[in-house]
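So the structure is just underneath, and the comments pick up after that.
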Amino acid sequence: MAATEQKPQEKPDFNLIPPDLQFAPGFSLKTVWAALFVGLLMLPGAIYLGLVTGQSMAGGAEWVTLILFIEIAKRSFVRLRTQEVIILYWVAGGLVAVGGKLGTGADLFGGPFGSLIWDQFLVQSPQADELHRYIPEWVVPPRGSEALLQRSFLHAAWIKPIGLLLLVIVLGKINSLSLGYVMFRVTNDIERLPFPMAQVQAGGATALAESSQAREGWRWEVFSVGAFIGVIWGLFYVVIPTISGIFLTETVTLLPIPFIDLTVPMRALMPAGIMGVATDLVQVLIGFVIPFWIVLGSCAASLLVNLVANPLLYSAGVLHTWEPGMSAIPTVIANSFDFWLSFSIGGAVLVALMGFWMVGRTLSKMRGVRRQGEAGGPPAGRGDIAIYKALLIWACSTTLFVVLASRLVPEFPWWISAFFGFVCTPVFSYIGARMIGLTGSPQGSSFPYLREGSFYLSGYQGAAVWFAPIPLFDSSGEVAAFKQLELTRTHFGSVVKLAAVAMLIMFVCSFLFWSFIWKLGPVPSSTYPYVQKFWPFHATMQSFWVKSTLPEASGQSLIQGIVRWEYILTGFVGSCGALGLVSLLRAPITLFYGFIGGLGVWPHFVMLQFAGALLGRYYFERRFGEARWRVYTPILLAGYSCGMGLVGMSSIAVALISKAVSSIVF
C-alpha cells in the first residue's frame, strides 16, 4: 500500500533548451572583457595551433573563455544568463575562427592578417614565378621588397594592403549580417527547417549557464563527459608533439597530424586513388551530430571515387598524370587537373539549377502564406527588423563593393561584379542556408569555379581581378548564428554590438601577434609542419587559375587542356543519374546532397564520420532512445571541443613562451 501511495519521481527535462527561457539582451561589459581576454591571450595560441596542426582554436577558445568567466562569476556571486553565455561564445569563436581567403582554398588562422601572411607567401613562392610581377601592390608588397625581407608590417609598402583589408572587413560584415538575417527569416520563420548543428553551441551554452546557476543538470553532465574525452585525446594528439618539440631534439608524434596516409602502400590495389585515416577523434563525434543520410552519401561518394572510379579512369588513360609513389596531395592535384575539376563543374551546375528551383518554390510559398493570412510573424522580443530594411542595407553595401572593385580593376567589366553581388550572392546564400537548415552544413551549396570561369571567359587580361574584392559571397553562416541566438532566446540587437567590438579587437590583436610570429621566422617553414605541407598545394591551385588570364598564352593553353566540356557534361549527366536513383528509391534528398558533396571529400575524414554515424544510429540510439541521443550529441561535441581546447592552450602557451625567450637570448 505504501508503495502505491509513493509520489512518482519527476521526469528530467530532456529539452535541449529550457522551455521557459525568455528573450533578453546578451551583450554587456562582460562581453568586452571576454573579447579582450581572447584577443590578448588566446589569439596567439590559435595562430600557432593552426600553423602547426591545421586545427582551429574555434571550438576550444570559446569554451575555455566561458568556463573561466563562469568560475570568476561564481566566486563573485554573479550569475551569467544563457544569453550572456552564447554572446561570450560568439565573441571568442569569432576572434580565433578558421577563415579562408577567397580563391585560395587555404585555411587561415588568427584574424584578418592571416590573409596577408598568405599573400606574402604566394608572391614569394616558386608557384608564382611567372605571376608575381602581375600582382598589384594594393594586395602585397612586390617580391624583393624590404617589407617582405624584413618580415615586418611596419613598412610603408603595407599601407595600401592593410587599409584595403580593413575596408573590406567592415563592408563584408555589414553585407553578411544583413543578407544572413533575410535568409534566416526565410528558412526559419517560413520554411521551419530544423538546423541540427545550431544546437551544438546552444546546448553547450545552456549547459554552462546551468553550471553558473549552481543547478547542474543533465546538460552539464553530458558536456563534462565530452570535455573529459577531449582532454584525454588532446594529451596524445596535441600536447605530446608540442611539448616534446621544445625539450627534445626530435618531436615525438604518436599520431601523424592530420592523418595517416595509406595512398602509397595501397597504390597497387587502387591506382590513382587516395586512402588514409584521420587522427582527430572529432570526426567521429561529428558523425554523431550530422544527419545519417548526409554522412552515408558523403562516405559512399568518397569511396566510390577512390576505390572504383579513379582506378578505372587510370586504366582508361583519363588520369594520365598520376604515377605510382605519389602521396595523397600530389594525387589529388593530378586527378583534379586530369578529370575531377571538370566533372565537379558539371555536378555544380545541377546543384545550382536545383537552388534556383528552391528559390522559386520558396517565393511562391511566401506569396501563398500572405494570401492565406497565416500568422508567420517573428516571436515577440526577438529583436527583428523589417525585411526591406535589411535588404536595403545589403544593397548599399553590395553597391559599394561593386564600385570598389571597378576602381581597383577598371579593365574588368563592372556588370559582372554587379551580377555576382546582386544575383549570385543571394541565390547561393539561400542554397547554403537551406542546406545548413536541413543538414547542419552547407554541403553542395556553392557553385565551384563560377568565379574562375567568369574571369577567364570575360576576356580580361591580367592578375588584379583575382585579388580584388569581387562581391561573390556566401552569407549562409550568419543564418546558423541567428538560429543559435533564437534557441538561447538572445535579442538579435546583441549581435550587431558584438560584431563592432569583435572587429576592432580582432584587427588590432591580429596585427600584433601575426607581426610577432612572422618576425620569429618565415611562414611557412619547418617549424610549422601543417602549412609547410598544405600551403604549396593551395598555391599551385591558385596560381593555375590566376595564370589563365595573363597575357602570355601558356596559362590560357593550360586551362584549355584541363577544363574539358565532355567531362563537364559527364559530371552533369552523372549527377542527374544520382538524383534520379535517389528519387526512384524514395530515399531522403539529403542522401543526394551528401553524395554530391562527398565527391571531393577525402576518405581519410569521411570514414570516421561514417563510423560515428553507425555507432550512434545502431548502438547509442537503442541504448538511450533516439530523441534523447539526438539531444545529447551536440552537447557532447561541444564538450569535446572544450576539452581539446583546454589542453591545447596549455601546451601552446609553453611553446610560444619558449620560442619568444629563445629568440631574445640568441
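The values are calculated or read from the model by the stated rules, or taken from the named source; none is laboratory data. Here the structure is a predicted model, which means the values were calculated and not measured. A quick note on method: Cβ atoms are made from the backbone with ideal geometry, for glycine too, and the neighbour counts reach across all protein chains shown.
Data table
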read-out: Whichever residue in region 254-263 is without any contact (Cβ under 8 Å) to a residue 60 or more places away in the chain and buried (at least 16 other Cβ atoms within 10 Å of the Cβ) and, among such residues, is farthest from Tyr530 (Cα to Cα); value: Leu262
read-out: Failed item in (1) at pLDDT below 75; (2) over 24 Å from the mean Cα position of the chain (by Cα); (3) β-branched (Val, Ile, Thr), with Thr206 passing the rest; value: (2)
read-out: Residue within region 593-604 that is modelled with pLDDT of 90 or more, assigned to a helix (DSSP H, G or I), under 28 Å from the mean Cα position of the chain (by Cα) and not small (Gly, Ala, Ser) present; value: yes
read-out: Candidate set from region 120-143 (those that are hydrophobic (A, V, I, L, M, F, W, C) and in contact with a Leu (Cβ under 6 Å, 6 or more places away or on another chain)); member that is modelled with the lowest pLDDT; value: Ala128
read-out: Hits in region 131-144 (condition: part of a helix (DSSP H, G or I) and surrounded by 15 or more Cβ atoms within 10 Å (Cβ to Cβ)); value: His132, Tyr134
read-out: Long-range neighbours under 9 Å by Cβ, at least six apart or interchain, first residue farther than 12 Å from Leu636 by Cβ within region 283-299, second charged (D, E, K, R); value: Phe292/Arg617
read-out: Set Gly50, Gly59, Gly54: member being on the phi > 0 side of the Ramachandran plot and modelled with pLDDT of 65 or more; value: Gly54
read-out: Restricting region 271-308 to residues that are among the β-branched types (Val, Ile, Thr) and in a helix (DSSP H, G or I), the residue that is farthest from Thr331 (Cα to Cα); value: Val289
read-out: So Thr527, is it closer than 30 Å to Leu457 by Cα and not aromatic (Phe, Trp, Tyr); value: no
read-out: Among residues of region 401-427, those that are crowded, with 19+ Cβ neighbours inside 10 Å, over 17 Å from Leu450 (Cα atoms) and among the aliphatic types (A, V, I, L, M), counted; value: 4
read-out: Single residue of region 468-517 satisfying the filter (acidic (Asp, Glu) and outside any loop (DSSP other than H, G, I, E, B)) that is surrounded by the most Cβ atoms within 10 Å (Cβ to Cβ); value: Glu478
read-out: Residue ID - modelled with the lowest pLDDT, chosen from residues in region 539-588 that are outside any helix (DSSP H, G or I) and farther than 16 Å from Val318 by Cα; value: Glu552
read-out: Residues satisfying the stated conditions in region 145-201, i.e. of a type in the set (A, V, I, L, M, F, W, C), modelled with pLDDT under 90 and assigned to a loop (DSSP other than H, G, I, E, B); value: Leu193, Phe195, Met197
read-out: Flag if Ile229 is over 20 Å from Leu307 (Cβ atoms), of a type in the set (A, V, I, L, M), modelled with pLDDT of 90 or more and in contact with a Leu (Cβ under 8 Å, 6 or more places away or on another chain); value: yes
read-out: Out of Ser397, Ser429, sole residue that is of a type in the set (Gly, Ala, Ser), in a helix (DSSP H, G or I), over 22 Å from Lys497 (Cβ atoms) and in contact (Cβ under 8 Å) with a residue 12 or more places away in the chain; value: Ser429
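Residue by residue, here is whether (1) in contact with a helix residue (DSSP H, G or I) (Cβ under 7 Å, 6 or more places away or on another chain); (2) closer than 12 Å to Phe605 by Cβ; (3) modelled with pLDDT of 90 or more holds:
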{"position": "Arg267", "(1), (2), (3)": "no, no, no"}
{"position": "Val282", "(1), (2), (3)": "yes, yes, no"}
{"position": "Val289", "(1), (2), (3)": "yes, no, no"}
{"position": "Ile294", "(1), (2), (3)": "yes, no, no"}
{"position": "Gly297", "(1), (2), (3)": "yes, no, yes"}
{"position": "Ala300", "(1), (2), (3)": "yes, no, yes"}
{"position": "Asn306", "(1), (2), (3)": "yes, no, yes"}
